[in-house]
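Undergrad: Encoded as structure tokens, here's the structure I'll be asking about.
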Amino acid sequence: QVQLVESGGGLVQAGESLRLSCVPSASIFSIVVMGWYRQAPGKQRELVATMTTFGTINYADSVKGRFTIPRSIAKNTVYLQMNSLKPEDTAVYYCDARVDLSDYWGQGTQVTVSS
């Protein structure tokens, strides 16, 4: 099993930035895909961004140009850098790790963007 610890959520105004962090209990090189998903009230969980072990990145169209998913090898951490936030980005954000065809999820962190 892989445990994921997320941090960095909060309340910001539209146009501001936030950075989320996700620290897995295993080396990020042992995780095939790490990613960020979000779930807004009354909506299904949706993909935000993913990164493979080799660094291949995928973004949802709604966040392209505004969000990035950098990682720190030294800190064994994957981030979600969110810039130019919009009220529609308000959601609970979850970190995900795919290992051996199994998905492991963090506890979620709330991001609220006020207009």
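Undergrad: Please report, as a whole percent, how much of the solvent-accessible surface of the chain comes from carbon and sulfur atoms (probe radius 1.4 Å).
TA: Carbon and sulfur atoms account for 51 percent of the accessible area of the chain.
Undergrad: Taking only protein heavy atoms and a 1.4 Å probe, what accessible area per residue, in Å², does the chain have with all protein chains in place?
TA: Value returned for the chain: 53 Å² of accessible area per residue.
Undergrad: Pop a pseudo-label 7 angstrom from the Cα along the beta-carbon direction at both Ser72 and Arg98 and give the gap in nm to one decimal.
TA: According to this spin-label approximation, the distance is 2.7 nm.
Undergrad: Over the alpha carbons of the stretch 60-115, what is the largest minus smallest coordinate on each principal axis, giving the biggest first in Å?
TA: 40, 22, 21
Undergrad: Taking amide hydrogens as modeled 1.01 Å from N in the peptide plane, which residues meet the under 5 Å criterion relative to Val5, leaving out close sequence neighbours?
TA: Placed amide hydrogens put Val23 under 5 Å from Val5.
Undergrad: On to the next question. Once you have the Cα-Cα distance between Ser25 and Leu47, take 0.36 nm times their residue separation minus that, and quote the gain in nm to one decimal.
TA: Once the chain is fully extended between Ser25 and Leu47, it gains 5.7 nm.
The values are calculated or read from the model by the stated rules, or taken from the named source; none is laboratory data. Everything numeric here is computed off the predicted structure, so don't read it as measured data. With ideal geometry, Cβ positions are generated from the backbone for all residues, glycine too; neighbour counts draw on all protein chains shown. Quick note on the areas: whole protein, heavy atoms, side chains included, nothing else; ligands and nucleic acids left out. Shrake-Rupley method; radii C 1.70, N 1.55, O 1.52, S 1.80 Å.
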